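The values are calculated or read from the model by the stated rules, or taken from the named source; none is laboratory data. Remember, predicted model here, so these are calculated numbers, not experimental data. Heads up, the Cβs are rebuilt from the backbone with ideal geometry, glycines too, and the neighbour counts pull from every protein chain shown. In case anyone asks, the SASA skips ligands and DNA or RNA and just uses the protein heavy atoms, side chains included. Shrake-Rupley method; radii C 1.70, N 1.55, O 1.52, S 1.80 Å.
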Amino acid sequence: MRLAVLGGGGFRVPLVYGALLRETAKPRVQEVVLHDVSPERLETIGHVLRGLAAGHDDPPVVRTTTDLDSALRDAAFVFSAIRVGGLAGRTADERVALELGLPGQETTGPGGISYGLRTVPVALRMAERVAALAPAAWVINFTNPAGMVTEAMRQVLGDRVIGICDSPIGLVRRAAGALGLDPARVSADYVGLNHLGWLRGLTHQGRDELPRLLADDAALRQVEEARIFGADWVRTLQALPNEYLYYYYFTRESVAAISGQTRGESLVGQQDRFYAAALARPGDALAEWRRARRERDESYMAEARDATDAGERAAADLEAGGYEGIALALMAAIARGEPATMILNVRNGSAVPGLPADAVVEIPCAVDGAGVRPLATRPLAGPFLGLVQQVKAVEQTVIEAAVSGSARLAVAAFALHPLVDSVATARGLFDGYRARIPELAAVFPR
């Protein structure tokens with residue numbers, strides 16, 4: 001079985017390969033094809049993967065290429081993990097928003113819109129090549145903004161593209177662990193969009209245990225999201241929000257918290273050091289990657305934790321893994337017909353009342369050899385539904401703007417977002433991003 005990884009020179013690719021090395025059930029992935037536009041990044045990650053494979057019997061063969069068609073041909077699964085514009089684009093996503101007094105975050109608010117506007121056209125071209133060269137392949141989309149990009153790729157690939165994110169399962173794992181429950185034996189009532197959802201229930205042996213968690217101060221302190229949002233607020237909501245809702249519920253605080261480097265600016269330094277060191281000393285590539293990974297993981301959502309005195313990330317969260325585990329579990333459920341229930345980004349249909357049928361939502365799904373089936377959810381309460389509807393309308397406007405190249409629709413997407421407070425500011429955002437990000441300027445030439 002062949003797996004193609006688009007964005008194969010990316011920093012997190014070794015996590016995927018490491019998880020593949022631990023796979024024993026069949027059918028196994030026998031060949032991994034890494035595609036990237038940067039030969040240097042591919043070479044660096046190749047050194048890391050060779051280090052990971054050392055000592056393993058019959059590890060998956062790794063091939064690297066800068067030719068997209070070569071990577072896709074005959075693939076059974078495709079992982080899409082591209083970053084259009086690289087970290088330079090991410091830093092601009094964050095800085096332009098912050099300079100206008102708005103939250104500077106890569107997937108939420110203005111930064112997410114900018115990221116989507118330049119990524120959607122590239123993702124659609126990739127989807128078209130998958131349809132032409134590997135029409136039976138399943139595409140598992142990591143590329144952010146994951147819900148928006150998945151929805152765009154569905155125009156070409158339909159149900160054969162599925163979006164994933166590790167935030168919901170991380171939240172479920174922390175909530176279950178705080179109650180002393182096995183996360184594998186609970187059923188999560190989680191609903192929303194990517195980076196915009198809520199855990200509203202946690203059923204164990206037929207009983208919803210979330211009210212018990214919300215009532216227990218000591219247990220809540222074990223859940224990072226509860227520390228970030230505060231016990232009073234999660235009790236008011238009667239739900240645990242996805243960590244990215246911090247930028248909606250504590251907008252002023254999120255802007256004030258970034259007084260120095262943004263997350264993107266910090267990662268530029270980390271990753272430049274890693275790639276340079278690994279290329280210079282290939283034998284140390286794996287050790288350099290592990291060091292950089294630890295530094296990256298410990299600093300995740302640092303501004304929110306610092307602003308709310310939420311403390312350091314729990315050691316269990318640092319060791320639990322993320323996207324790679326979800327992607328491989330999804331691949332195993334489809335390839336081997338092993339039934340599973342997973343929180344995924346899929347077409348809504350009628351699963352979430354109040355949202356369009358073609359909207360991609362993030363909800364529990366049943367997965368097996370036949371594919372993915374979204375599970376019906378309880379209706380969202382008014383305050384949740386209103387926010388989800390508004391952000392979904394923005395996402396769909398972004399897709400339309402990116403496909404058509406309409407600057408007017410791009411400005412409208414910014415203006416309609418709840419974190420943008422005026423049409424004039426929306427115009428300033430669009431002009432600022434177009435001036436600083438060449439990949440976005442290419443989609444919207446003057």
Task: Cys165 - accessible surface, heavy atoms, 1.4 Å probe, Å² rounded to 10 - done: 0
- [ ] Give the residues of segment 322-365 whose amide nitrogen is closer than 20 Å to a point set 7 Å from the Cα of Ser187 in the direction of its Cβ.
- [x] 338-345, 350-353, 362-365
Open item on the list: Just to be sure I understand: with springs between alpha-carbon atoms less than 10 Å apart, which residue in Ala137, Ala278, Ala215 has the highest mean-square fluctuation in the Gaussian network model of the chain?
Closed with: Ala215
Task: Mean residue ellipticity (222 nm) of the chain, computed from DSSP H runs ≥ 4 via -39,500 (n - 2.57), nearest 500 - done: -16000 deg cm²/dmol
Task: Amide proton proximity set for Asp189, modelled H, under 5 Å, gap of 5+ - done: Arg200, Gly201, Leu202, Thr203
Task: Cα pair distances exceeding 14 angstrom across segment 379-421, given as percent - done: 49
Task: Normalised contact order of the chain, rounded percent, pairs of Cα under 8 Å and 6 or more residues apart - done: 17
Open item on the list: Between Thr91, Thr107, Thr203, where does the largest GNM mean-square fluctuation fall for the chain, given springs only between Cα atoms within less than 10 Å?
Closed with: Thr203
TODO: Considering only Pro145, Pro282, Pro14, give the residue with the highest GNM mean-square fluctuation for the chain, with springs between Cα atoms whenever their separation is below 10 Å.
DONE: Pro282
- [ ] Could you list the residues of segment 363-392 with an amide nitrogen less than 16 Å from a label point located 7 Å from the Cα of Ala25 in the Cα-to-C-beta direction?
- [x] 366-372
Open item on the list: List the residue ranges in the chain for DSSP H helices whose C-alpha atoms run 18 angstrom or more along the long axis and whose Kyte-Doolittle average is -1.0 or above.
Closed with: 39-53, 86-99, 110-133, 263-280, 323-336, 382-404, 423-436
TODO: Using Cα pairs closer than 8 Å and at least 6 residues apart in sequence, work out the relative contact order for segment 82-240, in percent.
DONE: 14
Task: Selection of GluC sites (Glu not before Pro), segment 312-415, meeting DSSP coil and at most 12 other Cβ within 10 Å - done: Glu312
TODO: Would you please calculate the Kirkwood hydrodynamic radius of segment 404-446 over all C-alpha pairs and express it in Å, rounded to one decimal?
DONE: 10.4
Task: Computed Kirkwood radius, in angstrom, where 1/r is averaged over Cα pairs of segment 105-172 - done: 12.5
- [ ] Using only the Cα atoms, work out Rg/Rh for segment 344-443, with Rh taken as the Kirkwood radius, to two decimals.
- [x] 1.08
Open item on the list: Run the paramagnetic zone check for Ser350: 7 angstrom along Cα to Cβ, then residues of segment 363-381 with backbone nitrogen under 17 Å.
Closed with: 373-380
Task: Taking only Cα atoms of segment 1-53, radius of gyration then Dmax in Å - done: 10.9, 33
TODO: For segment 1-129, just the Cα atoms, rotate onto the principal axes and tell me the three extents in Å, largest first.
DONE: 54, 31, 28
Task: Computed FRET value (nearest 0.05) for Ala381 with Arg73, which takes r as the C-beta separation and R₀ as 41 Å - done: 0.30
- [ ] Could you work out the per residue convex hull volume over the alpha carbons of segment 177-285, in cubic angstrom?
- [x] 162
Open item on the list: If you count only protein heavy atoms with a 1.4 Å probe, what accessible area per residue comes out for the chain, rounded to a whole Å²?
Closed with: 39
Open item on the list: Computing the accessible area with a 1.4 Å probe over protein heavy atoms, can you report the carbon and sulfur percentage for the chain?
Closed with: 50
- [ ] Starting from the Cα-Cα distance between Asp272 and Asp159, subtract it from 0.36 nm times their residue separation and give me the gain in nm to one decimal.
- [x] 37.0 nm
Open item on the list: Run the simple label-point estimate for Ala366 and Glu265 please: 7 Å along Cα→C-beta, distance reported in nm.
Closed with: 5.0
